[in-house]
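Read through the structure below, which is laid out as structure tokens, and then see the notes.
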Amino acid sequence: MAIAARLNRGETLGDRVMKVDHAGEHGAVCIYRAQRWFARWRAPDMVTELDGFLAHERGHRTRFAAELERRGQRRCRSYFWCGLGGFALGALTGLAGRQAIAATTVAIERVVLRHMEEQLRVLDGVDGDAATALRLTIADEQEHHDLSMTRLAEGSVWPRLIDPLVATSTEAVIWLGMRL
Ligand SMILES: [Fe+2]
Ligand SMILES: [Fe+2]
């Protein structure tokens, strides 16, 4: 399946995907920064795990930033808003505690993994550097998803509250980023 995008002049689909993913990773960094801050009080035993996630997300952001720099492309117009939205979501769910924190990661990674795998399918063999960046990132996101799944208690109400909110906003951010 093709990926829908409105490209600027001189911009490739790989360029645009790097831009959108770079902005998304910035959002992820901001989510974990905010969650970590509240987790020190609400879920202290999760802080080390959140530190690990945060380090990964910073690495992803740097990886996509390096790709943009090499391509002479600017950051996505949505970059600032991804950060702000991420921070708000991270603060809210961090305040709500461990189940909300785990449910957020599961919900986000579910959407992100689906998109990144689609991006990889389309760019593999077309844009080797973008494909490599995606492949490396997907491995970490899968780990975040799987680990957070094990943190969710059976019958927890949080996924039902957080899933629709996070899925809708993540989809909206990606949709906008591909068209702005
Ligand atoms: Fe990431
Ligand atoms: Fe992640």
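General remarks:
- Sequence-ordered 3J(HN,Hα) estimates for region 25-35 from the Karplus curve with 6.51, -1.76 and 1.60 and θ = phi - 60° stand at 5, 4, x, 5, 4, 5, 4, 5, 4, 5, 4 Hz, glycine and proline given as x.
- Each Cα pair under 8 Å and six or more residues apart adds its separation to the average, and for region 52-180 the resulting relative contact order is 36 percent.
- Taking a ≥ b ≥ c as the square roots of the eigenvalues of the Cα gyration tensor, region 1-144 is prolate, since a/c reaches 1.5 or more and a/b is larger than b/c.
- The apolar share of the surface of region 1-80, taken as the fraction of accessible area on carbon and sulfur atoms (1.4 Å probe, ligands and nucleic acids excluded), comes to 52 percent.
- Spatial offset of region 89-137 relative to region 1-42 amounts to 9 Å, using the alpha carbon center of each.
- On a per residue basis, region 1-41 carries 49 Å² of accessible surface, using protein heavy atoms and a 1.4 Å probe.
The values are calculated or read from the model by the stated rules, or taken from the named source; none is laboratory data. Just so you know, these numbers come straight off a predicted model, no measurement behind them. Calculation scope for accessible area: heavy atoms of the full protein, side chains included, ligands and nucleic acids excluded. Shrake-Rupley method; radii C 1.70, N 1.55, O 1.52, S 1.80 Å.
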